[in-house]
Amino acid sequence: MAVNSLLILVIAAAVSAALILVLRPVLARYAVAQPNARSSHLTPTPQGGGIAVVAATILALLAGAALPDATASPGLGPLVGAVLLLALTGACDDVFHLPVTPRLLAQFVAVGLVLAALPPETRLVPLLPWWVERAALFLAGVYAVNVTNFMDGLDWMTVAEVVPVTAALWILSLDGALPPADAAVAVALLGATIGFAPFNRPVAKLFLGDVGSLPIGLMLFWLLLRLAANGHLAAAIELPLYYVADATVTLALRLVRRENVLRAHRTHFYQRATDRGYSVAAVVTSVFLTNVALAFLAVITIDRQSLEAHALALALAGATVLTALVRFARGRQ
């Protein structure tokens, strides 16, 4: 199975990079992000690299399914359909700037498709009524899609999130935390993101765009949901904790200030850090290392199956993220 995973990784990375080379002239003509007061870039930059990331992920999964000893996840078909729906929605938004309502409707449908494909016996918190847990998962799925979109506001930011998280999921699958079919999704997304990374390196020559950030958010949600459903809820909380914390605290602060939370802004902690003396490279490196630390804690959580170990790992994860947020908020002294 390790050989299959490596083949999926290489295929996804190669297809992603090749598609970007082919599509970049078209994107430079039809999908250009213009600088504005809320953006972090200073020159017009093509966006839409997510087309290559999504396509490479799906193609690598299809190639992996044809390999010897490959197994298929029962929820993979609905996931692919939901990913394509969000990719189409994101592409339209990148080019035509869709209103909020159709974007949210597409997200509702996509998350609903993924959850409807779950076996009825899938539970994360058995103490909760089934319908309460499903409703909470629906809201969490929509939120995860939007968090990934919100946080994709800096060169290499999504790379700094996706690479450690998917690599950790791959490693955890080797210990049985995820079945091979689910791990294949993580490996394919990891490879596709690596193929995109050189083009998004600061100063970026290509942005991911909503065509990439929305479906990537859904795939990460699905992977973490599968991890939690296999009895590893603490690890599923730890892995995305920086992204969730930055986005959630920022949203809460904007609500306190009575701002329009649907309006674009640049008050995320990582954005404030660049406004207060940190370079883009320094910020994304810090985020990457924070995510590596969270991944390490997730591995420990799964290796130490005790309530005390889980509580300690969660506390350390919270402290790690809080340290990063405080440092970004203070800026370079």
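Gyration tensor analysis over the Cα atoms of region 95-204 returns equivalent ellipsoid semi-axes of 27, 23, 11 Å (largest first, whole Å). Measuring nothing but how far apart in sequence close Cα pairs (under 8 Å, 6+ apart) lie, relative to its length, region 113-238 scores a relative contact order of 32 percent.
Relative contact order, whole percent, for region 201-316 stands at 30, derived from Cα pairs under 8 Å and 6 or more residues apart. About its Cα centre, the dipole of region 179-298 is roughly 460 debye, where the only charges are +1 on Lys and Arg Cβ and -1 on Asp and Glu Cβ. Taking GluC sites (Glu not before Pro) across region 235-333, the ones in a DSSP loop with at most 16 further Cβ atoms lying within 10 angstrom of their Cβ are 259. Ranked by the mean number of other Cβ atoms within 10 Å per residue, highest first, peptides 59-66, 94-101 order as 59-66, 94-101.
Computed from the coordinates by the stated procedures, all read-outs in this text should not be read as laboratory data. Note that this is a predicted model, so its numbers are computed, not measured. Heads up, the Cβs are rebuilt from the backbone with ideal geometry, glycines too, and the neighbour counts pull from every protein chain shown.
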